[in-house]
Amino acid sequence: MGIASSIILYSAIAGLSTMVGIALVIMEAELVLRYSHYVNSFAAGLILGVAFFHLFPESLELSGNALLFIFLGFLIFYLLENVMVLHSGSEIHFSEKKNPRHAKGLVMFSGLFFHSLIDGVIIGVGFDIDPKLGLLTSLGIISHELPEGVTSFSLLVTSIPRKTALKMAVAVALATPLGAVLSLAFIGSLSEATVGLLLAMAGGTFLYIAASDLIPETHEKGGILNALFLLLGVLCLFSLSKMITV
């Protein structure tokens, strides 16, 4: 399979994973709430493994400024979520001043859409470096897209009508393959140093997602089982990285 086909395929699987998360909230909300912390722990382990075993070392090898861009990737996602949280708790000065709940939904949708768009670009950059890195990066993204689908629809449905929330959540899911398709326009022409910086930013975003989004969710339940699921995620990623030889 060619690089372009792989990028499109795995980004589509990531988008589908988000839609599965949405469907689970619609059909089995109670079940999702009961077991979501285990899924989050496992996903956190996977993406931490991708970041520390592959994205960080590869980016440091390709660019001397990688550490700065790892921090920038972390910071950008922090600011993105910070803006969403700040606006969700205050009146937003959009044209919908008379409907702050709808405006709140638009802010959350914009942040979630941008997040998923970047995920698609990360898949493209991973495959541009090496098919193995692309596969492992895709796995990390796919693993956190399912809880992202749960989160995005759950957040949106509290602020806007259910049908509108569903349409926006599906748009968030489609943003990942869209970002991957957009990456096809430039990945082949990037220098090694530039690709290294993009990988560094991707690693920073993975670190943020694990440390700030997924792991805190697992702390709400606590227990040794959550820690074991996180370690299992790291172990699975490490084992797969040894098995994949493409």
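The values are calculated or read from the model by the stated rules, or taken from the named source; none is laboratory data. Keep in mind it's a predicted model, so treat the numbers as computed, not measured. Cβ atoms come from the backbone with ideal geometry, glycine included; neighbour counts cover every protein chain shown. The protein model used for the area step is the full one, side chains on, heavy atoms only, and it has no ligands, DNA or RNA in it. Shrake-Rupley method; radii C 1.70, N 1.55, O 1.52, S 1.80 Å.
Close contacts from segment 110-131, counting a first residue that is more than 17 Å from His144 (Cβ to Cβ) and open to solvent by less than 50 Å² (accessible area, probe 1.4 Å) and a second that is modelled with pLDDT of 90 or more and polar (S, T, N, Q), with Cβ to Cβ under 6 Å and a gap of 6+ residues or different chains, come to Gly124/Ser183; Phe127/Ser6.
Gly188 fulfils the conditions (1) within 24 Å of His54 (Cα to Cα); (2) open to solvent by 10 Å² or more (accessible area, probe 1.4 Å); (3) in contact with a Leu (Cβ under 7 Å, 6 or more places away or on another chain) except for a single criterion, (3).
Being assigned to a helix (DSSP H, G or I) and within 17 Å of Ser212 (Cα to Cα) narrows it down to one residue among Ile118, Ile123, Ile141; which is it?
Ile141
If you go through segment 25-72 one residue at a time, how many are touching a Cys at 6+ places or on another chain (Cβ under 9 Å) and open to solvent by 20 Å² or more (accessible area, probe 1.4 Å)? Give the steps one after another, and end with the answer.
Initial filter on segment 25-72 (touching a Cys at 6+ places or on another chain (Cβ under 9 Å)): 42, 45-46, 49.
Add one more test, that the residue is open to solvent by 20 Å² or more (accessible area, probe 1.4 Å), and what stays is 42.
Result for segment 25-72: 1.
Among the residues of segment 153-183, just one is among the β-branched types (Val, Ile, Thr), open to solvent by less than 30 Å² (accessible area, probe 1.4 Å) and not in a helix (DSSP H, G or I), namely Ile160.
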